[in-house]
């Protein structure tokens with residue numbers, strides 16, 4: 001998985017930022033981070049937004065990657081906190097994970 | 001300079017099919033102005049979230065000033081998602097504290113029941129950062145609090161029943177509130193068995209879709225209700241950026257600032273309105289505001305401490321969960337309830353209440369306002 005890292009202090013973020021919240025630096029580089037992580041928390045969504053009706057019920061997971069980052073992702077299969085999961089792909093803007 | 005509350009007004013909250021946004025906000029405003037003894041109003045501040053997107057109506061402040069014959073006074077609207085009402089109240093207050101105005105009207109209003117649930121869901125999702133991978137993962141507004149709740153249940157000994165106890169307490173409070181949306185008695189069993197919205201949050205754990213309005217008149221002139229502190233803070237707009245999932249930094253920071261300004265602490269507060277958009281939110285925010293230790297808010301609920309006769313009564317109005325949650329009106333209606341409590345004529349009156357606190361949350365922790373009121 002690609003993340004953004006502050007050139008000055010090493011702060012990492014899934015999303016690009018204008019300013020680093022740690023050191024106010026403004027230069028980021030792309031870095032490779034681990035695709036492996038575990039489910040920090042999740043919810044199973046039964047009442048989805050219109051465009052997700054076809055998936056419901058589905059899981060939105062907050063994954064703690066082996067590196068320091070946490071990322072919000074999508075999973076079709078049921079999960080529990082602590083489950084090991086792997087990043088598969090970015091699909092229509094969503095980070096998709098599998099068990 | 002000090003500021004005081006002179007009048008409050010509130011319409012019924014619920015499904016108000018035969019009403020318009022205009023007549024709701026005018027009703028609440030007139031009630032507040034009359035309650036204040038019909039003072040000259042120098043400015044109007046409106047709290048509203050989705051009047052533009054789902055009701056095609058803006059210029060709310062100007063409509064109020066014109067319809068009520070207030071003259072060519074300045075008016076404006078504040079938007080801060082579900083904290084729109086609290087922010088409007090704060091802006092009105094700052095207008096007085098700056099010396100610009102003597103007396104202002106603050107009105108919160110929302111119309112939500114005329115559209116479908118999925119249209120409301122979409123409109124409310126405007127309160128998240130939609131240019132992000134979280135939106136594309138299908139995260140919803142309730143979903144954020146579902147993720148929070150699952151982690152809370154994992155890290156503590158709390159269970160879904162503790163969430164249900166919050167919903168039941170607020171329902172029991174609403175039963176005594178003639179203006180509340182839900183006044184039908186319920187039970188732990190019914191709450192626990194209700195259909196799931198976003199696990200582990202079921203129907204009763206989530207605040208409803210509501211029409212309604214509320215209004216307050218504030219002045220630099222003295223009254224029996226003094227505003228001791230106003231504060232506001234912002235927080236993360238994305239779940240994955242939250243440093244500690246089981247915290248809402250905006251609530252903590254707005255609470256800290258308000259206590260500091262008032263020279264008071266959580267132990268001084270007699271009665272509280274907390275933004276219980278979800279049952280989980282009431283527990284976490286009760287911790288963030290210092291009423292209970294971190295990860296122990298659920299124990300206070302279990303022990304009945306947050307009931308009207310408990311040591312820290314929370315949401316004596318019924319809260320968002322059962323009083324209802326007309327988004328822009330909510331923060332103002334919290335001030336309505338705290339004012340009534342300090343005047344001694346509230347529903348679920350807390351004996352001898354002297355200091356009251358209202359906390360209003362916007363987005364998934366994006367905004368929070370805290371106001372501390374005192375009977376003087």
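The values are calculated or read from the model by the stated rules, or taken from the named source; none is laboratory data. All values reported here derive from a predicted model rather than from experimental measurement. Cβ: placed from backbone, ideal geometry, glycine included. Neighbour counts: every protein chain shown.
Per the listing A:61, A:85, the residue uniquely within 19 Å of residue B:146 (Cβ to Cβ), within 12 Å of chain B (Cβ to nearest Cβ) and part of a strand (DSSP E or B) is A:61. Looking at this structure, is residue A:73 surrounded by 19 or more Cβ atoms within 10 Å (Cβ to Cβ) and within 7 Å of another protein chain (Cβ to nearest Cβ)? It is true that residue A:73 is surrounded by 19 or more Cβ atoms within 10 Å (Cβ to Cβ) and within 7 Å of another protein chain (Cβ to nearest Cβ).
Okay, residues lined up against (1) farther than 22 Å from residue B:209 by Cα; (2) in a strand (DSSP E or B); (3) touching a strand residue (DSSP E or B) at 6+ places or on another chain (Cβ under 9 Å):
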{"residue": "B:1", "(1), (2), (3)": "yes, no, no"}
{"residue": "B:7", "(1), (2), (3)": "yes, yes, yes"}
{"residue": "B:17", "(1), (2), (3)": "no, no, yes"}
{"residue": "B:28", "(1), (2), (3)": "no, no, yes"}
{"residue": "B:31", "(1), (2), (3)": "yes, no, yes"}
{"residue": "B:44", "(1), (2), (3)": "yes, yes, yes"}
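All conditions in (1) within 14 Å of chain A (Cβ to nearest Cβ); (2) buried (at least 24 other Cβ atoms within 10 Å of the Cβ); (3) touching a strand residue (DSSP E or B) at 6+ places or on another chain (Cβ under 6 Å) hold for residue B:181, with the sole exception of (1). Confirm whether residue A:14 is modelled with pLDDT of 95 or more, buried (at least 18 other Cβ atoms within 10 Å of the Cβ) and either in the same structural domain as residue A:1 (by TED's automatic domain parsing) or touching a strand residue (DSSP E or B) at 6+ places or on another chain (Cβ under 7 Å) (or both). So residue A:14 does not fit the description; no.
Which members of the range A:89-98 meet the condition of being within 13 Å of chain B (Cβ to nearest Cβ) and touching a strand residue (DSSP E or B) at 6+ places or on another chain (Cβ under 8 Å)? Give the steps one after another, and end with the answer.
Filtering the range A:89-98 for residues within 13 Å of chain B (Cβ to nearest Cβ) gives A:89-97.
Matches in the range A:89-98: A:89, A:90, A:91, A:94, A:95, A:96, A:97.
Screening the range A:1-52 for residues that are in a loop (DSSP other than H, G, I, E, B) and in contact with a helix residue (DSSP H, G or I) (Cβ under 9 Å, 6 or more places away or on another chain) and picking the one that is farthest from the other protein chains (Cβ to nearest Cβ) gives A:21.
Out of A:38, A:51, A:66, I need the residue that is in the same structural domain as residue A:98 (by TED's automatic domain parsing) and in contact (Cβ under 8 Å) with a residue 40 or more places away in the chain. Which one? Give the steps one after another, and end with the answer.
Numbers: A:51 fails: in contact (Cβ under 8 Å) with a residue 40 or more places away in the chain; A:66 fails: in contact (Cβ under 8 Å) with a residue 40 or more places away in the chain.
After ruling out the rest, the residue left standing is A:38.
The condition of being assigned to a loop (DSSP other than H, G, I, E, B) and more than 9 Å from chain A (Cβ to nearest Cβ) holds for only one of B:124, B:191, B:209, that being B:209.
Only one entry of B:214, B:285, B:231 meets the criterion of being crowded, with 21+ Cβ neighbours inside 10 Å, away from every other protein chain (no Cβ under 14 Å), touching a residue at least 60 places away in the same chain (Cβ under 8 Å) and assigned to a helix (DSSP H, G or I), and that entry is B:285. Of everything listed in (1) at pLDDT below 95; (2) loosely packed, with under 15 Cβ neighbours inside 10 Å, the single unmet condition for residue A:49 is (2). Given the structure, is residue B:118 without any contact (Cβ under 8 Å) to a residue 60 or more places away in the chain, within 11 Å of chain A (Cβ to nearest Cβ) and under 30 Å from residue B:64 (Cβ atoms)? No; evaluated as a whole, the condition is false for this residue. Only one entry of B:344, B:352, B:297, B:310 meets the criterion of being touching a helix residue (DSSP H, G or I) at 6+ places or on another chain (Cβ under 7 Å) and at pLDDT 95 or above, and that entry is B:297.
In the range B:234-246, the count of residues that are more than 14 Å from every other protein chain (Cβ to nearest Cβ) and out of contact with any helix residue (DSSP H, G or I) (no Cβ under 7 Å at 6 or more places or on another chain) is zero.
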